[in-house]
1. Looking at Ile95 and the list (1) of a type outside the set (D, E, K, R); (2) in a loop (DSSP other than H, G, I, E, B); (3) within 21 Å of the chain's Cα centre (by Cα), which single condition is not satisfied?
2. Does Ala323 meet the test of being of a type in the set (Gly, Ala, Ser), assigned to a helix (DSSP H, G or I) and over 14 Å from Leu279 (Cβ atoms)?
3. Being more than 27 Å from His96 (Cα to Cα), among the β-branched types (Val, Ile, Thr) and in contact with a helix residue (DSSP H, G or I) (Cβ under 9 Å, 6 or more places away or on another chain) is the filter here; which residues of the range 27-66 pass it?
4. Let me spell it out: the conditions are (1) out of contact with any Gly (no Cβ under 6 Å at 6 or more places or on another chain); (2) in a loop (DSSP other than H, G, I, E, B); (3) at negative phi; (4) not charged (D, E, K, R), and Leu21 meets all of them except one. Which number is the exception?
5. Look through Ala351, Ala389 and report the one residue that is in contact with a strand residue (DSSP E or B) (Cβ under 8 Å, 6 or more places away or on another chain), assigned to a helix (DSSP H, G or I) and small (Gly, Ala, Ser).
6. Within the range 189-206, how many residues turn out to be part of a loop (DSSP other than H, G, I, E, B) and either among the β-branched types (Val, Ile, Thr) or buried (at least 16 other Cβ atoms within 10 Å of the Cβ) (or both)?
7. From the list Ser183, Ser192, Ser196, which residue is of a type in the set (S, T, N, Q), under 19 Å from Val386 (Cβ atoms) and over 15 Å from the mean Cα position of the chain (by Cα)?
Amino acid sequence: MNEKTSPENAELIFRGKKTVLPVRVDKIGQAGMDIRALRKETGLITYDPGLANTGSCESSVSFVDGENGRLLYRGYTIEDLTEHCTFVEVGYLLIHDRLPKRLELERFSSLLNRHSMIHEDMRTFFSGYPEGSHPMAVLSAMVVSLSSFYPELEAAKTEELDITATRLLSKLRTIAAFSYKKSVGEPFVYPSYKLSYCANFLNMMFSSPVEDYEIDPVLVRAMNKLLVIHADHDQNCSTSTVRLVGSAAANLYACIAAGICALWGPLHGGANQAVIEMLEKIHREGGDVDRVIERAKSKTDLFKLMGFGHRIYKTYDPRAKIAKAICLEVLHKLNVKDPLLDIAMRLEEKAVADPYFVERRLYPNVDFYTGITYRAMGFPTDMYTVLFAIGRLPGWIAQWQELQRDPERKIWRPRQLYAGETARKFVPMEQRG
């Protein structure tokens, strides 16, 4: 257990009866009241819309310190990992709870290469999707279909876990690239054993039979960093969805497909696409940043400033700082002068100096700069959330694995406060008029 029982307890007095509830404290000193016996002892349930104050599990995969702007993967800072590790190394870390040794990384990379192809019969699936299908729809459907072509994870054997993890990590990247090629009417580009994980993905996305694609090491490094900063993030919406579906003992493929669907939402993984669409609209309307700031502050204007604020972070999102640096590096390397970057930087400058945003602790989040980078690299906007899903996959796998090994695992079954009718008299059809 990562937690310890606190010498202090919480006391609840309801209708004259006192109930003592144990308090558990985690490794960083965060206290949580254990309410598992609450209904049995008091008849009460908790009411917590959005589950903002509910600890749904114990996890050692990642830690978000929202007050101080820190993010840890298995105890390592996000800054150290993005600077010194590839996405494959971080994926290994999340799944195995340790950074790989050289031979372990070589073996893991070899498995990624071996499992990078998708079954040829799955290619026919792509032709069945209508023109204009969103890549996230294709991605989720194809992932759940993998369970029909490949065996499920057995027990907790390391070899089986590595095969299943690398199969998903590698094939998700291939499916994503194939879905893009299908959307633009170009032939699929197969993965190559000669290329690294991110180089392979960029090559499958952008190479063509009629035009060589030069794999730029700066873009490969940027792609690695962008995937790393998305690799896990506590019990967010999609991760909680993976755990929720996993609590019903669904197979890993079904759980990941459910996580992809949750990520698709514009309030979650789809936010980076929403940021770009907002910046494009501001640019079309003349780029008046001061007007945008005033609209965001207005109580009567329905306009929402996308890319600012976070449910957990009450200071600058550490991933946003990294994303901004990546963005500047990529645009400089490609010699791109993007007016959207100018608008974004002016928006940030105005917002962080405005008392309205400072008092509400609304700072740029990870979605604010990533879209501009993806745009410069050539990704269409509807692929942005797909890229988020590729990055988040090792975290989802690690969280699912942790759930399977949890001795306190139970199927998720929240309660509710009922707001409907309590005693309606049934009226036969002939009497309803």
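1. (2)
2. Criteria met by Ala323.
3. Ile45, Thr46 - these are the residues of the range 27-66 that are more than 27 Å from His96 (Cα to Cα), among the β-branched types (Val, Ile, Thr) and in contact with a helix residue (DSSP H, G or I) (Cβ under 9 Å, 6 or more places away or on another chain).
4. Against the list (1) out of contact with any Gly (no Cβ under 6 Å at 6 or more places or on another chain); (2) in a loop (DSSP other than H, G, I, E, B); (3) at negative phi; (4) not charged (D, E, K, R), Leu21 comes up short only on (2).
5. Ala351
6. 4
7. Going through Ser183, Ser192, Ser196 in turn, the sole match is Ser183.
One line per residue, one yes/no per condition, for (1) touching a His at 6+ places or on another chain (Cβ under 9 Å); (2) exposed (fewer than 12 other Cβ atoms within 10 Å of the Cβ):
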{"residue": "Asp97", "(1), (2)": "no, no"}
{"residue": "Arg102", "(1), (2)": "no, yes"}
{"residue": "Leu112", "(1), (2)": "no, no"}
{"residue": "His119", "(1), (2)": "no, no"}
{"residue": "Ser127", "(1), (2)": "no, yes"}
{"residue": "Val144", "(1), (2)": "no, no"}
{"residue": "Ser147", "(1), (2)": "no, no"}
{"residue": "Thr166", "(1), (2)": "yes, no"}
{"residue": "Leu172", "(1), (2)": "no, no"}
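FYI, it's all coordinate maths here, none of it is from the lab. Every value quoted in this text rests on a predicted model; they were computed, and no experiment measured them. Glycine gets a Cβ as well: all are built from the backbone with ideal geometry, and neighbour counts include every protein chain shown.
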